[in-house]
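First the structure, in the form of C-alpha coordinates, and then the observations on it.
The values are calculated or read from the model by the stated rules, or taken from the named source; none is laboratory data. Because the structure is a prediction, the values reported are computed rather than measured. Glycine gets a Cβ as well: all are built from the backbone with ideal geometry, and neighbour counts include every protein chain shown. Surface accessibility is based on the protein's heavy atoms, side chains included, excluding ligands, DNA and RNA. Shrake-Rupley method; radii C 1.70, N 1.55, O 1.52, S 1.80 Å.
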Amino acid sequence: MRLLLVEDSALIRTVTHLAFSQREPELREAANGVEALATLAGTLQPFDVILLDLQMPDMNGVEFLRALHQRPAHRATPVVVATRESDTSPLLVEARRLGVAAVVKKPWKPHELVEVVRQECGGGRTGKPSST
(Lines give C-alpha, C1' and ligand atoms only; values in the text may rest on other atoms or scores of the structure.)
Protein backbone atom coordinates (compact mmCIF):
# COMPACT_ATOMS: atom_id res chain seq x y z
CA MET A 1 0.00 0.00 0.00
CA ARG A 2 1.38 3.38 -1.03
CA LEU A 3 0.12 6.42 0.89
CA LEU A 4 0.81 10.12 0.47
CA LEU A 5 0.14 12.09 3.65
CA VAL A 6 -0.40 15.82 3.04
CA GLU A 7 -0.47 17.42 6.49
CA ASP A 8 1.21 20.52 7.93
CA SER A 9 1.26 19.30 11.56
CA ALA A 10 4.41 17.32 12.39
CA LEU A 11 2.59 15.78 15.36
CA ILE A 12 -0.25 14.47 13.19
CA ARG A 13 2.26 13.13 10.65
CA THR A 14 4.00 11.23 13.46
CA VAL A 15 0.72 9.84 14.83
CA THR A 16 -0.30 8.79 11.33
CA HIS A 17 2.98 6.92 10.89
CA LEU A 18 2.32 5.12 14.17
CA ALA A 19 -1.25 4.27 13.14
CA PHE A 20 0.00 2.56 9.98
CA SER A 21 3.28 1.13 11.37
CA GLN A 22 1.99 -2.45 11.67
CA ARG A 23 0.55 -2.41 8.17
CA GLU A 24 3.91 -1.67 6.56
CA PRO A 25 2.74 0.81 3.95
CA GLU A 26 5.04 3.04 1.99
CA LEU A 27 4.08 6.34 3.59
CA ARG A 28 5.42 9.52 2.02
CA GLU A 29 4.88 12.94 3.60
CA ALA A 30 4.28 16.48 2.41
CA ALA A 31 3.75 19.47 4.72
CA ASN A 32 1.47 21.25 2.22
CA GLY A 33 -0.05 20.98 -1.22
CA VAL A 34 2.99 22.44 -2.99
CA GLU A 35 5.24 19.74 -1.53
CA ALA A 36 2.63 17.08 -2.33
CA LEU A 37 2.52 18.10 -6.00
CA ALA A 38 6.32 17.95 -6.15
CA THR A 39 6.20 14.45 -4.63
CA LEU A 40 3.62 13.36 -7.20
CA ALA A 41 5.73 14.80 -10.02
CA GLY A 42 8.74 12.85 -8.80
CA THR A 43 7.09 9.43 -8.67
CA LEU A 44 6.35 7.03 -11.48
CA GLN A 45 4.11 4.70 -9.50
CA PRO A 46 0.80 6.23 -8.36
CA PHE A 47 -0.20 6.24 -4.72
CA ASP A 48 -3.07 4.02 -3.55
CA VAL A 49 -4.52 6.78 -1.35
CA ILE A 50 -3.80 10.41 -0.55
CA LEU A 51 -4.53 11.50 3.04
CA LEU A 52 -5.22 15.23 2.92
CA ASP A 53 -5.59 18.01 5.45
CA LEU A 54 -7.65 20.98 4.27
CA GLN A 55 -6.10 23.83 6.30
CA MET A 56 -2.44 24.19 5.31
CA PRO A 57 -0.03 27.01 4.46
CA ASP A 58 1.06 27.81 0.89
CA MET A 59 -1.62 25.64 -0.77
CA ASN A 60 -4.69 24.41 1.08
CA GLY A 61 -6.41 21.08 0.48
CA VAL A 62 -8.96 22.41 -2.00
CA GLU A 63 -6.26 24.10 -4.07
CA PHE A 64 -4.34 20.82 -4.04
CA LEU A 65 -7.43 18.89 -5.19
CA ARG A 66 -7.90 21.30 -8.09
CA ALA A 67 -4.26 20.85 -9.11
CA LEU A 68 -4.53 17.07 -8.72
CA HIS A 69 -7.42 17.01 -11.20
CA GLN A 70 -5.06 18.54 -13.77
CA ARG A 71 -2.69 15.56 -13.51
CA PRO A 72 -4.06 12.60 -15.49
CA ALA A 73 -1.66 10.11 -13.89
CA HIS A 74 -2.94 10.90 -10.39
CA ARG A 75 -6.50 12.23 -10.70
CA ALA A 76 -8.06 8.81 -10.09
CA THR A 77 -6.19 8.34 -6.79
CA PRO A 78 -8.70 8.20 -3.91
CA VAL A 79 -8.35 11.15 -1.53
CA VAL A 80 -9.30 10.84 2.14
CA VAL A 81 -9.71 14.19 3.86
CA ALA A 82 -8.92 14.44 7.57
CA THR A 83 -10.21 17.73 8.96
CA ARG A 84 -11.71 19.66 11.85
CA GLU A 85 -13.85 21.64 9.40
CA SER A 86 -17.61 21.54 9.97
CA ASP A 87 -19.78 19.83 7.38
CA THR A 88 -20.98 23.25 6.19
CA SER A 89 -17.49 24.76 5.92
CA PRO A 90 -16.87 26.15 2.42
CA LEU A 91 -13.57 24.23 2.25
CA LEU A 92 -15.17 20.89 3.09
CA VAL A 93 -18.18 21.53 0.84
CA GLU A 94 -15.83 22.30 -2.06
CA ALA A 95 -13.62 19.28 -1.29
CA ARG A 96 -16.68 17.04 -1.46
CA ARG A 97 -17.75 18.68 -4.71
CA LEU A 98 -14.32 17.88 -6.11
CA GLY A 99 -14.92 14.21 -5.34
CA VAL A 100 -13.04 13.19 -2.21
CA ALA A 101 -13.52 9.51 -1.46
CA ALA A 102 -14.05 9.92 2.30
CA VAL A 103 -13.91 12.41 5.16
CA VAL A 104 -12.54 11.58 8.60
CA LYS A 105 -13.10 14.14 11.33
CA LYS A 106 -10.20 15.23 13.53
CA PRO A 107 -9.36 14.22 16.13
CA TRP A 108 -9.58 10.78 14.56
CA LYS A 109 -8.89 7.49 16.26
CA PRO A 110 -6.05 5.57 14.61
CA HIS A 111 -8.17 2.49 13.91
CA GLU A 112 -10.84 4.67 12.24
CA LEU A 113 -8.33 6.27 9.89
CA VAL A 114 -6.71 2.94 9.07
CA GLU A 115 -10.11 1.36 8.31
CA VAL A 116 -11.18 4.16 5.97
CA VAL A 117 -7.85 4.01 4.13
CA ARG A 118 -8.06 0.21 3.91
CA GLN A 119 -11.55 0.48 2.41
CA GLU A 120 -10.38 3.00 -0.17
CA CYS A 121 -7.37 0.87 -1.11
CA GLY A 122 -9.44 -2.29 -1.39
CA GLY A 123 -12.59 -0.96 -2.93
CA GLY A 124 -11.52 2.20 -4.73
CA ARG A 125 -13.73 5.26 -4.73
CA THR A 126 -17.08 4.89 -3.12
CA GLY A 127 -18.36 8.31 -4.12
CA LYS A 128 -19.83 8.65 -0.65
CA PRO A 129 -17.97 10.62 2.04
CA SER A 130 -17.55 8.82 5.33
CA SER A 131 -19.09 10.43 8.38
CA THR A 132 -16.57 8.99 10.84
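What pairs come up if the first residue lies in the range 61-79 and is closer than 15 Å to Thr39 by Cα and without any contact (Cβ under 8 Å) to a residue 24 or more places away in the chain, the second is assigned to a helix (DSSP H, G or I) and open to solvent by less than 80 Å² (accessible area, probe 1.4 Å), and their beta carbons are under 8 Å apart, counting only those six or more places apart or on different chains?
Listed by first residue and then by second, the contacts come to Arg75/Leu68.
Does the range 23-42 contain at least one residue that is in contact with a His (Cβ under 9 Å, 6 or more places away or on another chain), farther than 20 Å from Pro107 by Cα and not aliphatic (A, V, I, L, M)?
no
Just wondering, is there one or more residues in the range 100-114 that are in a loop (DSSP other than H, G, I, E, B), at pLDDT 95 or above and under 13 Å from the mean Cα position of the chain (by Cα)?
Looking through the range 100-114, at least one residue is in a loop (DSSP other than H, G, I, E, B), at pLDDT 95 or above and under 13 Å from the mean Cα position of the chain (by Cα).
So how many residues does the range 13-54 have that are surrounded by fewer than 13 Cβ atoms within 10 Å (Cβ to Cβ), of a type in the set (A, V, I, L, M) and in a loop (DSSP other than H, G, I, E, B)?
So the answer is 1.
Among (1) open to solvent by less than 30 Å² (accessible area, probe 1.4 Å); (2) modelled with pLDDT of 95 or more; (3) part of a helix (DSSP H, G or I); (4) aliphatic (A, V, I, L, M), there is one condition Val117 misses while meeting the rest; what is its number?
Status for Val117: all satisfied but (2).
Yes or no: Thr83 of a type in the set (Val, Ile, Thr) and touching a Gly at 6+ places or on another chain (Cβ under 8 Å)?
Values: of a type in the set (Val, Ile, Thr): yes; touching a Gly at 6+ places or on another chain (Cβ under 8 Å): yes.
It is true that Thr83 is of a type in the set (Val, Ile, Thr) and touching a Gly at 6+ places or on another chain (Cβ under 8 Å).
Identify the residue in the range 120-132 that is surrounded by fewer than 13 Cβ atoms within 10 Å (Cβ to Cβ) and outside any loop (DSSP other than H, G, I, E, B) and, among all such residues, is modelled with the lowest pLDDT.
Gly123
With respect to Pro57, determine if the residue is exposed (fewer than 12 other Cβ atoms within 10 Å of the Cβ) and part of a loop (DSSP other than H, G, I, E, B).
It is true that Pro57 is exposed (fewer than 12 other Cβ atoms within 10 Å of the Cβ) and part of a loop (DSSP other than H, G, I, E, B).
Select, from Ala76, Ala82, the only residue that is surrounded by fewer than 22 Cβ atoms within 10 Å (Cβ to Cβ), within 14 Å of the chain's Cα centre (by Cα) and among the aliphatic types (A, V, I, L, M).
Values: Ala82 fails: surrounded by fewer than 22 Cβ atoms within 10 Å (Cβ to Cβ).
After applying the criteria, what remains is Ala76.
Of the conditions (1) touching a helix residue (DSSP H, G or I) at 6+ places or on another chain (Cβ under 7 Å); (2) under 23 Å from Gly122 (Cβ atoms), Lys105 clears all except one; give me its number.
Every listed condition holds for Lys105 apart from (1).
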